[in-house]
1. Would you mind stating whether ALA196 is surrounded by 20 or more Cβ atoms within 10 Å (Cβ to Cβ), within 18 Å of CYS154 (Cα to Cα) and in contact (Cβ under 8 Å) with a residue 12 or more places away in the chain?
2. Among the listed residues GLY332, GLY313, which satisfies the condition of being within 30 Å of ALA190 (Cα to Cα) and at pLDDT 90 or above?
3. Give GLY18, GLY36 a once-over and let me know the one that is out of contact with any Leu (no Cβ under 7 Å at 6 or more places or on another chain), in contact (Cβ under 8 Å) with a residue 60 or more places away in the chain, surrounded by fewer than 24 Cβ atoms within 10 Å (Cβ to Cβ) and on the phi > 0 side of the Ramachandran plot.
4. Looking only at the range 74-90, filter to residues that are part of a loop (DSSP other than H, G, I, E, B) and modelled with pLDDT of 90 or more; which one of those is surrounded by the fewest Cβ atoms within 10 Å (Cβ to Cβ)?
5. Among residues belonging to the range 301-344 that are without any contact (Cβ under 8 Å) to a residue 24 or more places away in the chain, assigned to a loop (DSSP other than H, G, I, E, B) and under 25 Å from the mean Cα position of the chain (by Cα), point out the one that is surrounded by the fewest Cβ atoms within 10 Å (Cβ to Cβ).
6. When the range 169-192 is examined, which residues are found to be over 14 Å from THR129 (Cβ atoms), touching a Phe, Trp or Tyr at 6+ places or on another chain (Cβ under 9 Å) and in a loop (DSSP other than H, G, I, E, B)?
7. Find the residue count for the range 252-265, including only residues that are surrounded by 15 or more Cβ atoms within 10 Å (Cβ to Cβ) and outside any strand (DSSP E or B).
Amino acid sequence: MTERPPTSRYQRQMLAEGFGRKTQERLDRARVTIVGLGAIGSRVAEDLARAGVGYLRLVDRDFVELSNLHRQHLYDEQDAADEQPKALASALRIERINSEITTDPRLEDLGPEIAGELLGDVDLWIDGTDNFQTRYVLNDFAVRERKPWIYGACVANQAMVAPFLPGRSCLRCMFPSPPPAETVQTCDTAGIIPPAAAYVAALQTALAIAILGRPDEPPGPRLFTADLRALDMRDIKLPDEPGKTCAACATREFPGLRVDAGTKAKRLCGRNAVQLSSASADFPDLRDVAKKLDGRYEYELSRHMLRVHIDEGQITVFRGGRAIVQGTEDPGRARALFDRYLGT
């Protein structure tokens, strides 16, 4: 990207103490990946775009639904009616907000097999996900590549944020493995209020500006927490040094980066849907899949995805074979529906 001097667009933030022209120029050159464009990631994407971060890679596996709109920025009712992929909807909206920056939308589910492609050539990645499996991919890749990342999570009234920088303790140092799925609250089971997401996004944006724009003043190792119902906000100091038994920092095993063969299934929060992803690299072209459906099922085909309407709901297939089966939360049933209707 061609370097350019800051314009009047950014004058107000450049006037703030500790910001200035040099910080703005560094933001202009910065490259960031935001993984997950829901309640947290969509806000962070908008804030960093308005702040002038020069390159934003926008990664999300899902599409917009009406139930998203009470808390997820960048989307509107038409996006929900069209079931627009969040990565594309975010990029289109950001391009109207700030045409001076570069957006790179990716309809992907971040896993170890594509972590290098989505994270390897950027300066920082930001967690907008809703599951620990993906967060451990983010963490382990960051430790291996000595890159910074920013953790964020919210559910119900609760919010948590932490920056993880090279050479310090990491997420795995504190929590060696993800908690059991049945013990983790989700927006489906506990709900979520918009201020919880706003708190996370505001802190993540502030931390990103500090890491990218003021590298000589890195933020300290802290975990920020908030209860937005009780209006109770705290921060906890994290260890400066990596854990001596950490599977990422100490033994360099990086469990989150192991690629498992075969098909993986994930229930999607609050969606009555299951995501299916396959390790296969030879999934047919979506146009060829669509040809098999002609005259049999109603479908819509675009450059990025194929959506098939079935009696039980619908199946959305993305390039490469990743699919979202709506109408069931049972992974086995989702696999059976995919095989029955698409037979790929």
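1. Yes: the conditions hold for ALA196.
2. Result: GLY313 is the single residue among GLY332, GLY313 that is within 30 Å of ALA190 (Cα to Cα) and at pLDDT 90 or above.
3. After ruling out the rest, the residue left standing is GLY18.
4. Among residues in the range 74-90 that are part of a loop (DSSP other than H, G, I, E, B) and modelled with pLDDT of 90 or more, the one surrounded by the fewest Cβ atoms within 10 Å (Cβ to Cβ) is ASP76.
5. Taking the candidates together, the pick is ARG303.
6. Within the range 169-192, CYS170, PHE175, SER177, PRO179 meet the criteria.
7. The qualifying residues number 4.
This table checks each residue for (1) surrounded by fewer than 16 Cβ atoms within 10 Å (Cβ to Cβ); (2) not assigned by TED's automatic domain parsing to the domain that holds LEU110.
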{"residue": "CYS187", "(1), (2)": "no, no"}
{"residue": "ALA210", "(1), (2)": "no, no"}
{"residue": "GLU217", "(1), (2)": "yes, no"}
{"residue": "ALA230", "(1), (2)": "yes, no"}
{"residue": "GLY243", "(1), (2)": "no, no"}
{"residue": "ARG267", "(1), (2)": "no, yes"}
{"residue": "GLY270", "(1), (2)": "no, yes"}
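The values are calculated or read from the model by the stated rules, or taken from the named source; none is laboratory data. These figures come from a predicted structure and were not determined experimentally. Glycine also receives a Cβ, built like all others from the backbone with ideal geometry; neighbour counts cover every protein chain displayed.
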